[in-house]
Amino acid sequence: MPYLMKAAEVWQPDLSGRTLVLGSAHFSGQDDEGLQAFGCASRSMQFGIDEGLPGITWAVRRPMIWTDLNTGLFKRHALAESAGLDCGLSIPVFAGEFLLAVVVLFFTADAETSGAVEVWRNRDYYDKELSLSDGFYGHLSELDTVSRGLSIGYGRGLPGAAWLKESPMIMNDLAKSESFLRSRDVAGNGISTGLAIPFFYTHRDIQVVTLLSAANTSVARRFEVWCPDESHRYLLFSDGYCAEGGDLKAEHRGIGYARGESVIGEVWLTGLPQAGPLEQPGGTGFICIPFVIDGVLKAVVRFEF
């Protein structure tokens, strides 16, 4: 099965705090010369604030989607084209006012694949509504048009429900779901599963990143949500999706990670996202992203691709 996610990067401030350097990354497809060349160039680059996709994300302090990487603002545009990368999603991770990292995820899409990447934004806190900040829909032009004209209320739909819950949320069987506001619009293109991650940069600035997967083209091989237990001593598996049909609840039953234990526990300990290659067979790489509200970790979202 093809996956839309092709690369994951974590850009971190250097010792001066003024420049972003690559802290960790993974570029799938070891035999893909274009993708490996893109990764090699990335490891030697750095970005100041308001420079390139990581630096501009740092400056605007919110998630961004670049649906056209063939622009001078994207410094690696020629390499991205050779690697077949069509879209970049960037997510800043802050500790209060101070940037810890910028996560950048790269996706590809063609006529044979279906899926979408979206950022929903609450532009007026008191109206309690989300509108589309930007989205990447590949060849799904009808879903693109519908989404750009849609307003989603607090607690409604997948993005609104994640906002209400204040937690990452997975929704399955989207075409049949009464809770998914665009169920009719995804019924004909195979979109079946959605993941929404809300980000609370201030109490009035709500951003919700949503990733929509098709049955035959998942955004990633699997995505998992790990949350602290009641004692806040261990991270436990909360929810997940496996494109290959695996039972993730059974796989992770009885498993918990303390701070600093394994990669997931390391993300909890440091607050820093991490990306890298997988040791076990089945996928090529992973990225773990912390979800934090008011300085307290509420979840770690883990992707395999």
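The values are calculated or read from the model by the stated rules, or taken from the named source; none is laboratory data. All values derive from a computational prediction rather than experimental measurement. FYI the Cβ positions are ideal-geometry reconstructions off the backbone, even for glycines, and counts take in every protein chain you see. These accessible areas exclude ligands, DNA and RNA; they are computed on the full protein's heavy atoms, side chains included. Shrake-Rupley method; radii C 1.70, N 1.55, O 1.52, S 1.80 Å.
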message: Report the gain in length on full extension from His77 to Asn172: 0.36 nm times residue separation, minus Cα-Cα distance, nm rounded to one decimal.
response: 30.7 nm
- request: Run the quick spin-label model on Val296 and Arg253: label points 7 Å from Cα toward the beta carbon, then report their separation in nm to one decimal.
  value: 3.0
message: At 7 Å along Cα-to-Cβ for each site, give me the label-to-label distance between Ile49 and His203 in nm.
response: 2.5
query: Of all the accessible heavy-atom surface of segment 147-211, with the other protein chains kept in place and a 1.4 Å probe, what percent is carbon and sulfur?
result: 44
query: Where a ≥ b ≥ c are the square roots of the eigenvalues of the C-alpha gyration tensor, would you call segment 161-305 rounded, which needs a/c under 1.5, or, failing that, prolate if a/b is larger than b/c, or oblate?
result: oblate
message: Can you classify segment 63-142 as rounded, prolate or oblate using the Cα gyration tensor, where a ≥ b ≥ c are the square roots of its eigenvalues, rounded means a/c under 1.5, and otherwise it's prolate if a/b beats b/c and oblate if not?
response: oblate
- prompt: Could you work out the helix-only [θ] at 222 nm for the chain, with each DSSP H run of four or more residues adding -39,500 (n - 2.57) and the total divided by the number of residues, to the nearest 500 deg cm²/dmol?
  reply: -5500 deg cm²/dmol
message: List the pairs from Lys6/Lys75; Lys165/Lys298; Lys6/Lys298 whose alpha-carbon separation is above 20 Å, in the order I gave them.
response: Lys6/Lys298
query: Heavy-atom accessible area per residue, the chain, 1.4 Å probe: how many Å²?
result: 44
message: Probe radius 1.4 Å, ligands and nucleic acids ignored: give me the carbon and sulfur share of the accessible area of segment 26-120 as a rounded percent.
response: 49
- line: Most fluctuating of Pro273, Pro54, Pro228 in the GNM of the chain (C-alpha, under 10 Å) is Pro228
message: If packing is taken as the average number of other Cβ atoms within 10 Å across a peptide's residues, how do 40-51, 209-220, 186-197 rank, most packed first?
response: 209-220, 186-197, 40-51
message: Given axes a ≥ b ≥ c from the Cα gyration tensor, I'd like to know whether segment 178-230 is rounded (a/c under 1.5), prolate (a/b larger than b/c) or oblate.
response: oblate
